[in-house]
1. Can you name the number of the only condition in (1) in contact (Cβ under 8 Å) with a residue 24 or more places away in the chain; (2) on the phi < 0 side of the Ramachandran plot; (3) out of contact with any Phe, Trp or Tyr (no Cβ under 6 Å at 6 or more places or on another chain) that residue 162 fails?
2. Among the listed residues 95, 75, 58, which satisfies the condition of being under 24 Å from residue 9 (Cα atoms) and out of contact with any helix residue (DSSP H, G or I) (no Cβ under 8 Å at 6 or more places or on another chain)?
3. I'd like to check something: does the stretch 57-78 contain any residue that is outside any strand (DSSP E or B) and within 12 Å of the ligand (Cβ to nearest atom)?
4. Find the residue count for the stretch 102-129, including only residues that are in a helix (DSSP H, G or I) and in contact with a Leu (Cβ under 7 Å, 6 or more places away or on another chain).
5. Looking only at residues that are open to solvent by 10 Å² or more (accessible area, probe 1.4 Å) and in a loop (DSSP other than H, G, I, E, B) in the stretch 203-217, which one is nearest to the ligand (Cβ to nearest atom)?
6. Starting from residues that are open to solvent by less than 50 Å² (accessible area, probe 1.4 Å), in a loop (DSSP other than H, G, I, E, B) and within 23 Å of residue 43 (Cα to Cα), keep the ones in the stretch 144-197 and report whichever is nearest to the ligand (Cβ to nearest atom).
7. For the structure I just gave you, tell me whether residue 85 is aromatic (Phe, Trp, Tyr), within 16 Å of the ligand (Cβ to nearest atom), open to solvent by 30 Å² or more (accessible area, probe 1.4 Å) and touching a residue at least 12 places away in the same chain (Cβ under 8 Å).
8. Please tell me if residue 176 is farther than 20 Å from residue 152 by Cβ and modelled with pLDDT of 95 or more.
Amino acid sequence: MIYFNNVSKIYNRNSRALEDVTLTVTAGEFVSIVGHSGAGKSTLVKMILADEHPSDGTVFFESVNVHKLKNKELTKLRRRIGVVFQDFRLLSNKTAYENIAFAMEAAGKTNEEIASDVPHVLELVDLADKIYSFPNQMSGGEQQRLAIARAIINQPELIIADEPTGNLDPINTYEIIQILKKINDLGTTVILTTHNRGVIDSVGKRVITLEKGKIIRDDKEGKYVI
Ligand code: ADP
């Protein structure tokens, strides 16, 4: 699904954010990308979304070189990817229902589709009782579950979760990982980044370790062991 061919990214002369990264993510995989702060995780994710461009190498989504796309095609590609961030990025003046409805409207869904799908997705992330709550009436874990619901509502092929548990305590972290695993079990490819190795211990899937922009390990499955 995703192919990185010898990708390097240099923001300026002193900072090599990615160095010669070659990587394949197959449809249906759950891939965790682990590394210290500054290792290049966010840069790697930005390459897939074409938020940043490689200094060298190519990035493909299926058979498409994402860095050769024109704006309109890029917008279409981004609709195939759901993204979740550390800071949730919810609309604070909208309820849980409205936050998801907003994403559906942007994708051209009808009011009937919205009315029928929103309660289902909130149930999937165990937030049925928060449907009319505003983000500031929800805990951090609940807000992140809402952000995940919004990311999956238009049925993307890939979910990118960039440090989704960075602001959460261990119990909420565990819940978020379990929800991402459930989404993966339902068929969506998941790419998860984290600086916290403990987070991925409960995943039991492929772990890629980045250090100073380079892939130093690619453990095909199982718990990360030093
Ligand atoms: P991570 O997500 O693992 O914390 P990043 O991808 O954010 O790592 O950063 C990798 C390296 O690239 C770091 O040294 C960081 O300072 C640098 N970097 C990231 N974004 C920029 C930018 N926009 N301009 C200059 N340097 C950047």
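1. Here residue 162 meets the rest and fails (3).
2. Exactly one residue qualifies, and that residue is 75.
3. No, every residue in the stretch 57-78 fails to be outside any strand (DSSP E or B) and within 12 Å of the ligand (Cβ to nearest atom).
4. Number satisfying all stated conditions: 2.
5. Once the filter is applied, the top-ranked residue is 212.
6. Among those residues, the one meeting the criterion is 163.
7. Yes; evaluated as a whole, the condition is true for this residue.
8. Answer is no for this residue.
The values are calculated or read from the model by the stated rules, or taken from the named source; none is laboratory data. Note that this is a predicted model, so its numbers are computed, not measured. Neighbour counts are summed over all protein chains in view; Cβ atoms, including those assigned to glycine, are modelled from backbone coordinates with ideal geometry. These area figures cover heavy atoms from the full protein model, side chains too; ligands, DNA and RNA do not enter into them. Shrake-Rupley method; radii C 1.70, N 1.55, O 1.52, S 1.80 Å.
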